[in-house]
Amino acid sequence: MTTEARRAEDSRYQAVSSRDARFDGVFFFAVSTTGIYCRPSCPAVTPKRENVTFHPTAAAAQSAGFRACRRCRPDAVPGSAEWNVRADVVGRAVRLIGDGIVDREGVAGLADRLGYSARQVQRQLNAELGAGPIALARAQRGHTARVLLQTTTLQAAEIAFAAGFASIRQFNDTIREIYAATPTELRARRPGRAAPDKGAAGIPLRLAHRGPYAADRMFDHLAAHAVTGIEEVTGATGDRTYRRTLRLPGGAGVAEVRERPGTGRWLDCRLHLTDLRDLTTATQRMRRLLDLDADPCAVAERLGDDPSLAPHVAARPGLRVAGAADPHEAAIRTVVGTSAASALVAAHGERLPVPSGALTHLFPRARDLTGAGHPALRALADALATGDVVLDPGADREETEHRLLRLPGIDARTAALIRMRALGDPDVLVPGDPAVPDGADTGRWRPWSSYALHHLWAAA
């Protein structure tokens, strides 16, 4: 081991010793004497340094033969903000796997979207993450299965296929390997021993995040930009509920998220799905919309070093950048605005089989808008429908922006906003934005330029 690597591991062990929750999801540690792996903030007694190894992902720890800790549930931590920042093939692959591509299209489908061979993708993921795409997807399926076991009354067979397993045997074997328990035993270990909620519809979830979360600012944004028919925000400030429809691979869905003020570590969510196999995809899309995998401590540390930003950062801890539940929808809304988007939903949206409160439609597909609206909308819709512009979690952000700029009516500001929202890029500067002070050293904001802009917009 090199000196640099040894120092990195020593720093990780210090984080484990201090139970630093800021590193939950950034890395995991495994204990050779117990055979389990944990998140850094695990409340258990800190193990001796010589018994500890570190892993970049839960899948890597599982592949090394370690089981998930029953106390800290390391599979349920927020995702690492690194995958939102990184634009290389590994970062793009992790985002696509999170969206369920491997479960739906296999490793070949993942590789095709990335423009690499399956062997190259396997090699790069193994080299950096200690686990290949199948192991990463398997870890995700295991987490989905645990959530369903402990929050629903579904039969084990239904859960197995809903989580993406190919067979009951594969489901049982995976649960035993990851949690050292049968599905029945895992269900009996529900947190607090509370029974699954039989009275309320949908699947209840806790969407974890790290550090402070400025829920009031996020819900203000969602309320101000809600598109009629697909979104609504109800309730009084501090206790609002955001609801929206989702177009998912298996059918329509509805997501509900409650505002949670203060410094809690999660947002309460409930998903209503046509097909339970969409649980992972729906969860990840809501996480991206709400920017739950951000690292507010890293953002504050970098932006707080700029005297022009420091007061704003201190005044709004945990400020996030709203992303997209549907990248195509986010791009179209950026081009036409909220009011016009509501009109598009009414004219071209797909009606829900059964309305859910004020939610009546799914947002129109790009192919349904190729003949509608003004030239910029038609050009964007056509590019999205034909695949000339790709907006998915694994898209190459630089290439996508270049392709957007070639479309008539798409200027640099619009392309930058699409990159920020639809692709979830945390390092976007909108050209010529009046909120940026003259002479600002914007280079020192990287890789969190999108957050710097949001602090300036909030202050203005």
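Each value in this text was obtained by applying a stated rule to the coordinates, not by laboratory testing. The model shown is predicted, which means the values in this text are computed figures rather than measured ones. Note that we place each Cβ from the backbone using ideal geometry, even for glycine, and neighbour counts take in every protein chain shown.
Think of the range 3-68 as having a plus end and a minus end, set by charges on the Cβ of Lys, Arg, Asp and Glu; of V45, A68, P56, V45 sits farthest toward the positive end of this dipole. For the pair A5 and R70 in one chain, pulling the backbone fully straight at 0.36 nm per residue adds 20.5 nm over the alpha carbon distance. Counting Lys +1, Arg +1, Asp -1, Glu -1, what net charge surrounds P78 among other residues with beta carbon under 9 Å of its beta carbon? Spelling it out: positives minus negatives among the neighbours equals 0.
When the helices in the chain are scored as -39500 (n - 2.57) per DSSP H run of 4 or longer and the sum is shared across all residues, what 222 nm value do you end up with, to the nearest 500 deg cm²/dmol? Walk me through the intermediate numbers first.
Numbers: 20 runs with 204 residues, N = 460.
The per-residue figure over the chain is -13000 deg cm²/dmol.
Per-residue Karplus couplings for the range 441-455, computed as 6.51 cos²θ - 1.76 cosθ + 1.60 with θ equal to phi - 60°, are listed in order as 7, 5, x, 7, 7, 5, x, 10, 4, 4, 6, 4, 4, 5, 5 Hz, Gly and Pro entered as x.
Residue separation of T33 and S117 scaled by 0.36 nm, minus their Cα-Cα distance, works out to 26.4 nm of gained length. All C-alpha pair distances within the range 86-131, sorted into 5 Å bins from zero, spread as 5, 26, 37, 27, 5 percent across the bins.
Would you please report the Å³ per residue occupied by the convex hull of the alpha carbon atoms in the range 236-335? Numbers along the way, then the final one.
Numbers: hull volume 13.1 nm³, N = 100.
Each residue corresponds to 131 Å³ of Cα convex hull volume.
If R0 is 41 Å, the Cβ-Cβ spacing of A166 and T46 corresponds to a FRET efficiency of close to 0.55.
Based on Cβ point charges of +1 for Lys and Arg and -1 for Asp and Glu, what charge dipole magnitude is obtained for the range 1-158 about its Cα centre, in debye rounded to the nearest 20? Walk me through the numbers before you get to the answer.
On the way: 22 positive and 15 negative charges, 68 e Å.
The dipole magnitude comes to about 320 debye.
For A252, the amide hydrogen comes within under 5 Å of the amide hydrogens of T274, counting only partners 5 or more places away or on other chains and with H modelled in the peptide plane. The HN-Hα couplings worked out from phi for the range 300-305 by the Karplus form 6.51 cos²θ - 1.76 cosθ + 1.60 (θ = phi - 60°) are 5, 5, 6, 6, x, 6 Hz, whole numbers, x standing for Gly and Pro. Applying 0.36 nm per residue to the separation of E398 and E105 and subtracting their alpha-carbon distance, the gain on full extension is 103.0 nm.
For the range 86-131, a crude dipole built from +1 on the beta carbon of Lys and Arg and -1 on the beta carbon of Asp and Glu, taken about the Cα centre, is about 100 debye to the nearest 20.
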